[in-house]
Amino acid sequence: MMRDTTKSNPKSEGNCKLLFNPLNLNKTNGEAFYDSLVKARDNFDSSNVAVAIGPFIEVFSSTSYVITKQVHMLTSAAGQNAGMMDPKRVVSILPEPSSLSTGIAKTVIRIGWKNVAFLAQDDFSPVLSLGQNNVTVWPIRLPNKVRSPDDPELVRNLIELRKSEKERFILHSNKRDVVMNVLIAAQQLHLLHHSIEWFVTYPDFYDLIRENETWPGTLFGLQLLVSSKIPPNISEVVKANNMTLSRLELGLAVDVVGILKHVIMNEYKNCVTPVVTENKFVSNEIFQWQLENQTMRYHGALGEYAWHKETKVRTGFNIDIIMYHNGKPTRAGNITFHNNDCTVNYFKSRVNRTRAKEHFLFGKDEILRVATKEQDPFVIKRGDGYIGFSIDLLDLLKKKVNFSYELFEAEDVKTNGSSPLGENGMVYALQTGNASMAIGALEVSAERENTISFSYTILSSQASILIKKADSTTNFFQFLGPFSAWLWLMILVFIMVAGVSLYVMSRFDPTQEGNIQRFDLKESLWYSINIVLQGSTDYSPQTTSMRAIIAFFWFCVLIIEAAYTANLAAHLTLQQIDNRIKTVHDLASQTLLRYGVEKGTELHKFFQLQKEDPYQRMWTFMKLHEADVVLENTTEIIDQVKAGKLAFIADGVTNGYYANQHCGIESIEQNFGSKDFSLGFPKGAPYLDDINRALLQLKEEGALDTLKEKWWSTGRNCTEKDKSRSISQKTTPELELTNMIGVFIVLAVFIILAVVVDVGSRFYKFEKSKREEKTMGGSTKSVELYDSTETNVLDNNFIN
């Protein structure tokens, strides 16, 4: 800084101008580092150097060894009270950390936070002030270099932060790229959520929301920079030279130059005094005196500049408190710094986070990365997309909670068995931050509960046996079942023998003489049938021999009828008894039908580890036939079950779907292997409550039941006959039409036969009568048809 004798210099301000001498620190090796220190110290030994400007660099910016005379104007927030620094010769352009920490702590108290997570790279000074104000703080150190939102160490830190389920976060940094990368990473992990509030201490909060106008959730920030104080031509120069400076860095540079100009113009009366014959430099003593005794304060892009005479802490400036909510920034208060203290004026009431019952607030265009794994009927691959129960449920939740999603299939992770991540790709994706949600056949377990979070249960299931249905056989003549065919034939022979015997005996019965109705062969057979059917007849045998035959015939008929009645009841009862395999005990007690599980499933592991009967015995059987019964291909499993070669043990929801989509097989639930299916989320996911609330609404509206009916209903290609052949069919003892329809068929057949015989007989007699008339020469006679019974009577009289 000097008084210039060359008025035509374009960089001069009147008769004054600023000279900047850059110094670089070379850390290539020890010798280069030492040479840098020597050069810097020689530079500062000159009395013409008025001030040192730059960030705090350990040793290189030491006021004891390098900057031994000048005031050091710090362009970084930290360093004023660091070792090897004389606080009386160090002033900060930015707010000094201790006073800013007090302001942050008081603001947090006024907002109403009591428990916070504090994120910073190296400056944790506000933690002490927060603790002194009874605020519980969980400090998290950010990576030294945050190059992108996808920085692995940053993502790991935020995942751990999410697991803590904290709802109040403080992000402390003066580096814009760090703040932006952290916020973007937090948004990708959905930590910018309506249930979470952030306090960003970066001094140019408007620059952050200007960059991204769709930050979800609620953010509080500090606004120190007055952007209107930055000359537009300066911004244009920065852009023209492809310089990457933030507004804060640009404002800092503008204020450094402005302070220097302010000092030199105060010293030289606005640089308008007559020109002297030689240049005159502003010494370090003059510069220090001007800073301490300036009567007119400088108002720059970062506020009003004044420093306390004793502590050299910046004082007399204000920082606005900005609240950003629902996409709108508003001024919520301000912090006034004065004489090593500050006052917080907070006049904005806290955000009302009470929402309507039906309202779910995700950020605008919020995208959830959803992991899944193909398994029928939860997720089914169709062309380039997916269908299934879980996909339909996800679409319903999408409408309820207002989000979009991108679906990807998570591959299982191969581990040595000791990793807590397990082998499930969906669980691994949730833990590593690669997924925001997992859908599909995701089972709830105690081990997984330690590493991820689950939604409310959407499906419950037990193990089941998928087995071929019993062949449906309809027997209309069940009334013939109690006796064998040979026995029925013997009974018919028995009736005929009894009838013939009566006929033969009646030929020698003297009581038959003179009777109109005689006991001929037809009547004898009719009499025998009446006895069997418990009918009645007008004729009664008179001789002792015939009565003896009839008595013993009655006795035999009595035994036959009693045996038939008893056997018929037993036969119909047995028809109601289901002897099919229905439990694992039934499977274990037989060896004709093989049974197995799907390879690598939870039930596969269950049978391997069980030491109780019958599971241990079943695993021994499966191990002997492992190549045939422990399968992976679903098509092969279904084909073997339909062929009756295999009983497949799996989850009830899976087997139920297979049974309803493939006719001829059925799923029989068991009393073991109970499990619940839910949606998976990263540990501490803030949007889990929104999803759970939406699930409850879908359950109350019946939408979940509709989805279950859609994906677990009987296949359309099944006939009614197929649908009726299931373990749940009617087993009550009452008889149905199919049990007795044979009786009615027999009755109908004999009625039709009787009608046909009668009509045929009448037609025959009519034709015979016409032939007789024709033989008598065409004489006309009345033809009268007699009943067969009356004709027989006339014939008998004629014979007698």
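The values are calculated or read from the model by the stated rules, or taken from the named source; none is laboratory data. Keep in mind the model is a prediction, meaning the values are calculated, not measured. Note that we place each Cβ from the backbone using ideal geometry, even for glycine, and neighbour counts take in every protein chain shown. Accessible surface is based on the protein model in full, side chains and every heavy atom, while ligands, DNA and RNA are left aside. Shrake-Rupley method; radii C 1.70, N 1.55, O 1.52, S 1.80 Å.
Under the rule of at least 5 residues apart or a separate chain, name every residue whose amide H is placed under 5 Å from the amide H of Leu142.
Amide H neighbours of Leu142: Ala120, Gln121.
Full extension from Thr583 to Phe672: what is 0.36 nm times the residue separation minus their Cα-Cα distance, to one decimal in nm? Each step should come with its number before you reach the end.
Values: separation 89, 0.36 × 89 = 32.04 nm, distance 1.04 nm.
Result: 31.0 nm gained on full extension.
Please turn the phi angles of the range 638-650 into ³J(HN,Hα) values with the Karplus equation 6.51 cos²θ - 1.76 cosθ + 1.60 (θ = phi - 60°), one per residue in order, whole Hz, x for glycine and proline.
Taking θ as phi minus 60°, the curve returns 4, 4, 5, 5, 5, 7, x, 9, 8, 10, 9, 9, 7 Hz for the range 638-650.
In whole Hz, with x marking every Gly and Pro, tabulate ³J(HN,Hα) for the range 479-496 from phi via Karplus 6.51 cos²θ - 1.76 cosθ + 1.60, θ = phi - 60°.
5, 8, x, x, 10, 6, 4, 5, 5, 4, 5, 5, 5, 4, 4, 4, 5, 5
State the percentage of accessible surface on the range 606-670 attributable to carbon and sulfur atoms; use a 1.4 Å probe and exclude ligands, DNA and RNA. Spell out each step's value before the answer.
On the way: 1350 of 3020 Å².
Solvent-exposed carbon and sulfur of the range 606-670 make up 45 percent of the total.
Which net charge results for the neighbourhood of Asn692, defined as the other residues with beta-carbon distances under 12 angstrom from its beta-carbon, given Lys and Arg at +1 and Asp and Glu at -1?
Details: positive: Lys400, Arg693, Lys699; negative: Asp689, Asp690.
It works out to a net charge of +1.
With r as the distance between the Cβ atoms of Asn450 and Ile286 and R0 = 56 Å, compute the FRET efficiency 1/(1 + (r/R0)^6) and round to 0.05.
Values: r = 67 Å, r/R0 = 1.21.
FRET efficiency, Ile286 to Asn450: 0.25.
On the accessible surface of the range 220-268, probed at 1.4 Å, how many percent belong to carbon and sulfur atoms? Mind dumping the intermediate values first?
Details: 1350 of 2370 Å².
Its accessible area is 57 percent carbon and sulfur atoms.
Tell me the label-point distance for the pair Asn692, Glu374, using the 7 Å Cα-to-Cβ offset, in nm and rounded to one decimal.
Inter-label distance under the simple model: 3.4 nm.
Mind checking the per residue accessible area of the range 588-685 for me, 1.4 Å probe, whole number of Å²?
Working: 4470 Å² over 98 residues.
Value returned for the range 588-685: 46 Å² of accessible area per residue.
Non-local amide H neighbours of Thr315 (under 5 Å, H modeled in plane, Pro and chain starts lacking H): which ones?
Here Ala306, Trp307, His308 satisfy the definition.
How charged is the neighbourhood of Ser129? Take every other residue with its Cβ under 14 Å from the Cβ of Ser129, and add Lys/Arg as +1 and Asp/Glu as -1.
Details: positive: Lys106, Arg110; negative: Glu96, Asp123, Asp341.
Within the 14 Å Cβ shell, the charges total -1.
Filter the cross-link list Lys469/Lys645; Lys381/Lys468; Lys605/Lys675; Lys414/Lys683; Lys381/Lys710; Lys469/Lys710 down to pairs whose alpha-carbon distance in this structure exceeds 19 Å. Let's see the in-between values first.
Numbers: Lys469/Lys645 12 Å; Lys381/Lys468 27 Å; Lys605/Lys675 14 Å; Lys414/Lys683 22 Å; Lys381/Lys710 17 Å; Lys469/Lys710 23 Å.
Listed pairs above 19 Å: Lys381/Lys468; Lys414/Lys683; Lys469/Lys710.
How much length is gained on full extension from Leu480 to Arg507, taking 0.36 nm per residue of separation minus their Cα-Cα distance?
Values: separation 27, 0.36 × 27 = 9.72 nm, distance 3.57 nm.
So the chain would gain 6.1 nm between Leu480 and Arg507.
Can you work out the accessible area per residue across the range 194-267, with the rest of the protein chains kept in place, probe 1.4 Å, in square angstrom?
Result: 41 Å² per residue.
Give a residue-ordered list of calculated ³J(HN,Hα) values for the range 696-707 (Karplus: 6.51 cos²θ - 1.76 cosθ + 1.60, θ = phi - 60°; whole Hz; x for Gly, Pro).
Residue by residue, the range 696-707 yields 5, 5, 5, 5, 5, 7, x, 5, 5, 5, 5, 5 Hz.
Starting from the Cα-Cα distance between Asp45 and Ile745, subtract it from 0.36 nm times their residue separation and give me the gain in nm to one decimal. Could you put the intermediate results ahead of the total?
Working: separation 700, 0.36 × 700 = 252.00 nm, distance 12.74 nm.
Length gained, Asp45 through Ile745: 239.3 nm.
Ranked highest first by average number of other Cβ atoms within 10 Å, how do 167-175, 641-649 line up?
On the way: 167-175: 21.3, 641-649: 19.7.
With the highest mean Cβ count within 10 Å placed first, the list reads 167-175, 641-649.
Counting alpha carbon pairs within less than 8 Å and at least 6 residues apart, what relative contact order, in whole percent, applies to the range 114-246?
20 percent
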